[in-house]
1. Sort 278-291, 77-90 by packing, meaning the average of other beta carbons within 10 Å per residue, with the highest value first.
2. Mean separation of Cα pairs under 8 Å and 6+ residues apart, divided by the residue count of the stretch 242-464: what relative contact order is that in percent?
3. What does the charge dipole of the stretch 242-464 about its Cα centre add up to, to the nearest 20 debye, if the Cβ of each Lys and Arg holds +1 and the Cβ of each Asp and Glu holds -1?
4. Give the aspartates and glutamates whose C-alpha is closer than 15 Å to that of Lys59, dropping any in the same chain fewer than 8 places away, or say none.
5. Any idea what % of Cα-Cα pairs in the chain are farther than 40 Å?
6. Mind pulling the angle between the C-alpha long axis of helix 209-240 and the longest principal axis of the chain? Nearest 10 degrees, somewhere in 0 to 90.
7. Going down the table (Lys132/Lys380; Lys325/Lys351; Lys351/Lys454; Lys216/Lys336; Lys132/Lys335), which pairs top 19 Å between alpha carbons?
8. Pairs of alpha-carbon atoms within less than 8 angstrom and 6+ residues apart define the contacts here; what relative contact order does the stretch 53-142 have, in percent?
Amino acid sequence: MVKICCIGAGYVGGPTMAVIALKCPSIEVVVVDISASRIAAWNSDQLPIYEPGLDDVVKQCRGKNLFFSTNVEVHVAEADIIFVSVNTPTKTRGLGAGKAADLTYWESAARMIADVSRSDKIVVEKSTVPVKTAEAIEKILTHNSKGVNYQILSNPEFLAEGTAIQDLFTPDRVLIGGRETPEGSRAVQTLKDVYAHWVPEDRILTTNLWSAELSKLAANAFLAQRISSVNAISALCEATGANVSEVAFAVGKDSRIGPKFLNASVGFGGSCFQKDILNLVYICECNGLPEVANYWRQVIKINDYQKSRFVNRVVSSMFNTVSGKKIAVLGFAFKKDTGDTRETPAIDVCKGLLGDKASISIYDPQVTEEQIRRDLAMNKFDWDHPAHLQPTSPAAVKQVSVTWDAYAAAKGAHGVCILTEWDEFRELDYQRIYDNMQKPAFVFDGRNVVDAEKLRAIGFIVYSIGKPLDSWLKDMPAIA
Ligand code: UDX
Ligand code: ADP
């Protein structure tokens, strides 16, 4: 029986290993983590992450061939294949601060593997890492090998949160990079055999190590670039009276472009896009390619511009001040169907409104109050250092309240900002919301989820990203 151990029971490691266990009953899969609370949650009825379909998969195989444990060293020692799925945050200090990946967790995992291994291992990079990380890991392992043979593979994860289980069941492709040596090819084949249990052979791509590592960064950079492109056009739409949804639809009809990832929004978030582009930028700079670095940096700049443009729109519409006004924030997660808030645009928007002394009332169906307070008190890059590895969280933000109901959030508010596209926000009773708000009542739709015309008929002043502006908003041009 092949034994797999995955180090890191997070958003990537947990769902990926659960699906491998489900699809490969002959393989024993153990997911290990240094966080005892995270492992306890994986072993309970309340999984530590919200992901549609995940509960079902875990229930089917937990205790049979899927296990969650804090006994990191024992399971690493026993495994044939070790997936490493630990955090790779952006460095907050020292060389490359704010850009380069901090490989502290990765390095300590590699040193631990070297310490405890007595039999040959295939070590698989699962978390996104900078190009050439495999080389560094290989050096750590081989210099401490004690006769053990290690093969390093890169097998980047392409799942998106909210659709992770579906993405894992039917991936567009599985990518496996390895050394171009006989031992390397054998390791690639071993991992290929795992995925071949359910993924058609022609969707399993094999490349050299560096291509696999770079493909992950490039794929995320391309996706993020599409969003920044449509968001840049959204600003022009507002200025000219065009409608960004119509423009995106027309553009996406070109089969060379395609329709996906062209929804204008308040900005992209999530643990990957910004981090991976920063990484790409840093790698380009280190390789003497400043023009290429600047090209990709612009994708992030447009994303930041989009978030501050949204805040400016809110403030300028409300007579250039939100000081002391209550603003309801509907949605805090970085996209719908997840409780994840890493790099969510809601953080920057809320901080912007708080900076202007608004008092904000937040509702999200999946994000806890504790998480929201921690996010708003955190520094820019601290989000990727797990809470249990961080110093105690700073004092609560006073102008913020968190509710468990959209109506309570909007009660007595001057404005409502929709920052996540949760389906339930389409179905709210907006007449009820309007009746309980201060007048004039504003809705700022950062995800284009509401029917603006219906809301206008109720009496709201509505701003929708990239859509023709209400005359009210035209008369109150956004502050530059
Ligand atoms: C992304 C990649 O899609 C995935 O392949 C990779 O493995 C990890 O990073 P994820 O961050 O989970 O996945 O979600 P994704 O669906 O890509 O959305 C990222 C952000 O872009 C979200 O904030 C989302 O709301 C935003 N977005 C997406 C838009 O603003 N407009 C769109 O058209 C699509
Ligand atoms: P991702 O989205 O990439 O899955 P997460 O932050 O959700 O990232 O998960 C990474 C997990 O890795 C965390 O639960 C963290 O506790 C765990 N981790 C970090 N370093 C180690 C280590 N050396 N050994 C075991 N687990 C680790």
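1. 77-90, 278-291
2. It comes to 19 percent, rounded to a whole number.
3. Details: 27 positive and 27 negative charges, 123 e Å.
Using Cβ point charges on Lys, Arg, Asp and Glu, the stretch 242-464 gives about 580 debye.
4. The reachable aspartates and glutamates, counting only those whose Cα sits under 15 Å from Lys59, are Asp45, Glu51.
5. Working: 27987 of 114960 pairs.
Result for the distance tail: 24 percent.
6. Around 10 degrees separate the two axes.
7. Lys132/Lys380; Lys351/Lys454; Lys216/Lys336; Lys132/Lys335
8. On the way: 86 pairs, mean separation 28.9, N = 90.
Relative contact order of the stretch 53-142: 32 percent.
No lab work stands behind these numbers, since they all come straight from the coordinates. Everything quoted here is computed from the prediction, not taken from an experiment. Cβ: placed from backbone, ideal geometry, glycine included. Neighbour counts: every protein chain shown.
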